[in-house]
Amino acid sequence: MTVKNPLTPMEAEIIRVEEMTSIEKLFYLKLTDPQIIGEFHYNPGQFLEVSVPGVGEAPISICDAQREPGQLQLCIRKVGRVTNAIHRLKEGDRLWIRGPYGNGFPMKLMENHNLLLIAGGLGIAPLRSVLQHALLYRTNYGLITVMYGVRCYSMMLFREEFIRLFREGDKLNVKFLLAYEDESDTKCYQLACERSDRCMRGLVTRLIEAATITPDNTYAVICGPPVMYKFVVRELTQRGFTPTQIYMTMERRMKCGVGKCGHCITGSSNSIKYVCKDGPVFTYWDALKTKGLM
Amino acid sequence: MYKKLLKDDLENFIFILKKFGVVHAPVREAGRVYEFTELTDSKILQLNYTRTMIPPKKFFLKPKEQLYILNRREGFKEIVDDSKIVLLGVHACDINALNLLDRIYIDQFPDRYYKTRRENTIIIGVSCKPDEYCFCTSTNSSYALEGFDLFMHEIDDSYIIRIGSLKGFQIVCESENLLAEASSNDIKEFKRAEAERLKEFTLHLNVNGIQDILDASYDHPVWQENADICFGCGSCNLVCPTCRCYDTADFLNLDLKTGVRVRRWDSCMLKQHGLVAGGLNFRPTRVERLYNRFNCKMSLSEDSLNCVGCGRCTVYCPADINFVEVLKQVGED
């Protein structure tokens, strides 16, 4: 009997590539082995180890909610050796993946609650899977508020999709808010002229300051660059969010994804956490107990 | 089921062990440095050694091992190593360390390579005498209750043997002519020797509540003092029987089509350990890495330390950082 080796990558075909920004592309993948497809299930917030044979492996979070069996989307920024190699791949090329790993977001727990999704930059990728899931099972969730901070219009990910939500989200009971940093950005300025209450210049925290958000029956979900968390958390706790109402997803150099290689260990000895298997989704309460997590 | 083997019969016993796999045992390399190496000649066997420099983890999680043959078009083909090994002369601390490694490598998402080697390896423990660096009584790892096939307790001119597994029992059956039932007098001697051994420990560490003590002592000056003298070389990780961080890398052959995926030991004391793509480092300073290592050693999980008190990190630290001394300083003021 052959035991499944958790480190063995599975072959996937790139069925589509979308250029999103100068450094980010969206890859549509489909597993090639029909036997695996049936067993492959993922939840919002989980991640994969993606391999380019001969180059290496990198942890990448899945950015959509599962609809088709064996298919998934990855939003990849070219920033290291492996992601640069992935960016050179085209439709029809092969990638190797293993996973999904990690706990993912507690979608079940968050049912019948309002969702407040706060993302900065590439942090929108894992949160898009939460958003898609909530839209897929729309009646299970209350009001969805998305706060997305970008540097400028050209760096905005999933642009068409989000601008549609920005304009027409109310139909779906979704409030999509955008913050942009670049003063000279005319396109974002136009959006701000269109809806000054939904698009503002500044950091994502500006959106929280401007909005009237209450912690009642709400879960906040955060993802962004590490520096963002403490500012966002401060704004939220000031507005009465308790530490277990705030979820966040974390980044580390997860080499194995299965709690062995040790790279994602964090915390002091009264609370050691593996970001790959105890996370990558944690509550702010976990972060308070676990030194160095946030 | 306690057996007795006369020391005079040890060589014959090793001859029988060879039927079960290639025998590896502690051998003196230089001075006081011992290594587990293939036992080509039983004359070089050193069963009353202090500690090996590299712990037996090297047989299960190899310092460098090929995991897959890779092909840029076809992907990955697993490399299976099914060699059979007998490890003779493993100390209780190292057996307990392997039990801790099992929790990581077998209990959840079992690692195929580690698990296969663990199943293909026979472990024969041997009793030991502590030196001034041993503190395994403090970490509750001075005696092995599981994780071995046979355990030999040296009593004068013989060994009292405990049987820890079915495989161990098979070895005992094969060695019927060499082994006798341990008599009630032998058992009495065994108890006496164990009690005497316990009295020989001079180094003790109070680990009661150490997890909270460490958490609360993040700002303790001892971390910076030791980080200042630490070379950041990672020797402590290499010699630690429970350190198990690894890194993987792909290597292409000259044809640029085929190659291998390799994993090798990594070290949390090296700067790139906490580095992510884009240049952010979650443990950028040596003092943070040192603090992290001590915390990791004092907690595998809520219910277990990740240290077996073997003393290697202190013995082999080129900067003379004393593991127990640091923890005592943190705990005492």
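Within region A:19-43, count every residue that is in contact with a Cys (Cβ under 9 Å, 6 or more places away or on another chain) and either without any contact (Cβ under 8 Å) to a residue 12 or more places away in the chain or more than 14 Å from chain B (Cβ to nearest Cβ) (or both). Working first, answer last.
First, the residues of region A:19-43 that are in contact with a Cys (Cβ under 9 Å, 6 or more places away or on another chain): A:20, A:24-27.
Now narrow it down to the ones that are either without any contact (Cβ under 8 Å) to a residue 12 or more places away in the chain or more than 14 Å from chain B (Cβ to nearest Cβ) (or both): A:20, A:25-27.
Going through region A:19-43 one residue at a time, the tally reaches 4.
In region A:229-237, is there at least one residue being assigned to a strand (DSSP E or B) and at pLDDT 95 or above?
Kept after step one, since they are assigned to a strand (DSSP E or B), are these residues of region A:229-237: none.
No - not one qualifying residue is present in region A:229-237.
Name the strands (runs of 3 or more DSSP E) wholly within region B:1-58 that hold at least 1 residues that are in contact with a Leu (Cβ under 6 Å, 6 or more places away or on another chain)? Outline the logic, then answer.
Working: elements: B:2-6, B:22-30, B:33-38.
Once the strands (runs of 3 or more DSSP E) in region B:1-58 are filtered for at least 1 residues that are in contact with a Leu (Cβ under 6 Å, 6 or more places away or on another chain), what remains is B:2-6, B:22-30.
Take region A:249-269 and flag every residue that is closer than 18 Å to A:VAL50 by Cα, at the interface with chain B (Cβ under 8 Å from one of its Cβ atoms) and either in contact with a Lys or Arg (Cβ under 6 Å, 6 or more places away or on another chain) or touching a residue at least 24 places away in the same chain (Cβ under 8 Å) (or both).
Of everything in region A:249-269, those that are closer than 18 Å to A:VAL50 by Cα, at the interface with chain B (Cβ under 8 Å from one of its Cβ atoms) and either in contact with a Lys or Arg (Cβ under 6 Å, 6 or more places away or on another chain) or touching a residue at least 24 places away in the same chain (Cβ under 8 Å) (or both) turn out to be A:GLU251, A:ARG252, A:ARG253, A:LYS255, A:CYS256, A:VAL258, A:GLY259, A:CYS261, A:HIS263.
Which one is nearest to B:ALA277 (Cα to Cα) among residues in region A:67-99 that are under 14 Å from the mean Cα position of the chain (by Cα) and more than 10 Å from chain B (Cβ to nearest Cβ)? Even if it seems obvious, please write down each step before you answer.
Of the residues in region A:67-99, the ones under 14 Å from the mean Cα position of the chain (by Cα) are A:72-77.
From the residues that got through so far, the ones that are more than 10 Å from chain B (Cβ to nearest Cβ) too are A:72-76.
On the way: A:LEU72: 23, A:GLN73: 20, A:LEU74: 16, A:CYS75: 15, A:ILE76: 12 Å.
It comes out as A:ILE76.
Just checking, which of B:PRO56, B:PRO63 is under 19 Å from the mean Cα position of the chain (by Cα) and either surrounded by 14 or more Cβ atoms within 10 Å (Cβ to Cβ) or of a type in the set (Gly, Ala, Ser) (or both)? Don't jump to the end; show me each part of the working.
Values: B:PRO63 fails: either surrounded by 14 or more Cβ atoms within 10 Å (Cβ to Cβ) or of a type in the set (Gly, Ala, Ser) (or both).
Sole residue among the options that is under 19 Å from the mean Cα position of the chain (by Cα) and either surrounded by 14 or more Cβ atoms within 10 Å (Cβ to Cβ) or of a type in the set (Gly, Ala, Ser) (or both): B:PRO56.
Helices (runs of 4 or more DSSP H) wholly in region B:215-324 with at least 1 residues that are in contact with a strand residue (DSSP E or B) (Cβ under 8 Å, 6 or more places away or on another chain) and in contact (Cβ under 8 Å) with a residue 60 or more places away in the chain - which ones?
Values: elements: B:221-229, B:235-239, B:286-297, B:312-315.
Here the list reads B:235-239.
Go over the candidates A:LYS187, A:LYS175 one by one and state the one that is in a strand (DSSP E or B) and either basic (Lys, Arg) or surrounded by fewer than 12 Cβ atoms within 10 Å (Cβ to Cβ) (or both). Reasoning before the result, please.
Values: A:LYS187 fails: in a strand (DSSP E or B).
Unique residue meeting the criteria: A:LYS175.
State yes or no: is A:ALA210 within 14 Å of A:THR145 (Cα to Cα), of a type in the set (A, V, I, L, M, F, W, C) and buried (at least 18 other Cβ atoms within 10 Å of the Cβ)? Before the answer, list the steps.
Details: within 14 Å of A:THR145 (Cα to Cα): yes; of a type in the set (A, V, I, L, M, F, W, C): yes; buried (at least 18 other Cβ atoms within 10 Å of the Cβ): no.
Spelling it out, it is not the case that A:ALA210 is within 14 Å of A:THR145 (Cα to Cα), of a type in the set (A, V, I, L, M, F, W, C) and buried (at least 18 other Cβ atoms within 10 Å of the Cβ).
Just checking: which of the helices (runs of 4 or more DSSP H) contained wholly in region A:34-148 hold 2 or more residues that are within 23 Å of A:PRO225 (Cβ to Cβ)?
On the way: elements: A:34-37, A:81-87, A:124-136.
Where helices (runs of 4 or more DSSP H) fall fully within region A:34-148 and carry at least 2 residues being within 23 Å of A:PRO225 (Cβ to Cβ), they are A:81-87, A:124-136.
Residues of region B:39-60 being modelled with pLDDT of 95 or more and more than 26 Å from B:PRO130 (Cβ to Cβ), which ones?
Hits for region B:39-60: nothing passes.
When region B:82-112 is examined, which residues are found to be aliphatic (A, V, I, L, M) and assigned to a helix (DSSP H, G or I)? Before the answer, list the steps.
Residues of region B:82-112 that are aliphatic (A, V, I, L, M), as a first pass: B:85-88, B:90, B:92, B:95, B:97-98, B:100-101, B:104, B:106.
Result: B:ALA92, B:ILE95, B:ALA97, B:LEU98, B:LEU100, B:LEU101, B:ILE104.
Filter region A:1-18 for residues that are without any contact (Cβ under 8 Å) to a residue 24 or more places away in the chain and within 12 Å of another protein chain (Cβ to nearest Cβ) and give the result. Give the steps one after another, and end with the answer.
Step one: list which residues in region A:1-18 are without any contact (Cβ under 8 Å) to a residue 24 or more places away in the chain, which gives A:1-5, A:18.
Selection gives A:THR2, A:VAL3, A:LYS4, A:ASN5.
All but one of (1) touching a Ser or Thr at 6+ places or on another chain (Cβ under 8 Å); (2) assigned to a loop (DSSP other than H, G, I, E, B); (3) not small (Gly, Ala, Ser) hold for A:LYS277; state the number of the condition that does not hold.
Here A:LYS277 meets the rest and fails (1).
Suppose the filter is touching a strand residue (DSSP E or B) at 6+ places or on another chain (Cβ under 6 Å) and within 26 Å of B:VAL262 (Cα to Cα); does B:THR116 pass it?
Details: touching a strand residue (DSSP E or B) at 6+ places or on another chain (Cβ under 6 Å): no; within 26 Å of B:VAL262 (Cα to Cα): yes.
Spelling it out, it is not the case that B:THR116 is touching a strand residue (DSSP E or B) at 6+ places or on another chain (Cβ under 6 Å) and within 26 Å of B:VAL262 (Cα to Cα).
Hey, any hits in region B:78-96 for a residue that's charged (D, E, K, R), under 27 Å from B:LEU203 (Cα atoms) and within 12 Å of the chain's Cα centre (by Cα)? It would help to see each step written out before you state the result.
Filtering region B:78-96 down to residues charged (D, E, K, R) leaves B:78, B:81-82, B:84, B:94.
Keeping just the survivors that are under 27 Å from B:LEU203 (Cα atoms) gives B:94.
Of the ones still in play, those that are also within 12 Å of the chain's Cα centre (by Cα) are B:94.
Among the residues of region B:78-96, at least one is charged (D, E, K, R), under 27 Å from B:LEU203 (Cα atoms) and within 12 Å of the chain's Cα centre (by Cα), which makes the answer yes.
The values are calculated or read from the model by the stated rules, or taken from the named source; none is laboratory data. Here the structure is a predicted model, which is why all the values come from computation and not from measurement. Neighbour counts are summed over all protein chains in view; Cβ atoms, including those assigned to glycine, are modelled from backbone coordinates with ideal geometry.
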